Amino acid sequence: QAQFLQTLIKISNIKKVLEIGSFTGFSALSMALALPGDGSLISLDKNTEFSKKAKSFYDKANENKITQIIKPALESLKELENSKQKFDLVFIDADKENYANYYKKCIEMVDKNGLIIIDNVLWHGEVADENNNEKFTNIIREFNTYVKNDNRVEQIILPIGDGLTVCRKL
């Protein structure tokens, strides 16, 4: 996934990235390293401990294009929206219950041809099991259906890692 994101950033002339959910910072660091010198990445995560760990990796890599915001992502998204921030690419990999909320906010933060990429959309293959009605499986399944029916984007699910949906805003 990291190589795919890096390649996509390089070939698409992406300069401004928003990441929702950083965990230990691997995706953010991978994407930031692919950005041009004038690129930037804002990483949102509510977990202070994970954010400290991520920052330590950014520092070791001497990567200074990443700005961390440590608070609930929906609060941060509202602030970014109010400040009229726009992004070339949004990467969503946070709490699955809010995937639809994040997506709905972010669709307005990307211009035409901007990308929204969502991780974990195959949910270990469980979304394809019609007999599986576990909470998170249904959340991801419903989210995938929502994106599939969103006529503001064209999208494709790629079976990389645990599944990535790549959406291009029309």
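The values are calculated or read from the model by the stated rules, or taken from the named source; none is laboratory data. Values in this document were obtained by computation on a predicted structure and should not be read as measured data. Because the Cβ atoms are built from the backbone with ideal geometry, glycine has one as well, and the counts that use them run over all protein chains shown. What goes into the accessible areas is simple: the full protein's heavy atoms, side chains included, and nothing from ligands, DNA or RNA. Shrake-Rupley method; radii C 1.70, N 1.55, O 1.52, S 1.80 Å.
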*Output the peptides 25-38, 119-132 sorted from most to least packed, where packing is the average of other Cβ atoms within 10 Å over each peptide's residues.*
25-38, 119-132
*asked:* Contact order normalised by length for the chain, with contacts defined as Cα pairs under 8 Å and 6 or more residues apart; what percent is it?
replied: 19 percent
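Keeping every protein chain in place, order 63, 79 by accessible area at 1.4 Å, biggest value first, i.e. largest first. Mind dumping the intermediate values first?
Details: 63 25, 79 95 Å².
Most to least solvent-accessible, the answer reads 79, 63.
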*Could you state the accessible area per residue of the range 60-170 in Å², with a 1.4 Å probe and every protein chain left in place?*
54 Å²
*Note down the Stokes-Einstein diffusion coefficient of the range 7-52 in µm²/s, whole number, using a Kirkwood radius over alpha carbon pairs, 20 °C, and 1.002 mPa s.*
195 µm²/s
*Sort largest first and round to whole Å: the equivalent ellipsoid semi-axes of the range 12-170, each the square root of five times a Cα gyration tensor eigenvalue.*
25, 18, 15
*Rounded to the nearest Å, what's the spacing between the alpha carbon centres of the range 1-39 and the range 117-137? Just the number, please.*
25 Å
*With a point put 7 Å past each Cα toward its Cβ, work out how far residue 131 is from residue 13 in nm, to one decimal.*
5.2 nm
*Considering only protein heavy atoms and a 1.4 Å probe, what is the carbon-and-sulfur percentage of the accessible area of the chain?*
51 percent
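In what sequence, largest accessible area first, do 104, 135, 15 appear using a 1.4 Å probe?
On the way: 104 95, 135 130, 15 75 Å².
Sorted by accessible area, descending: 135, 104, 15.
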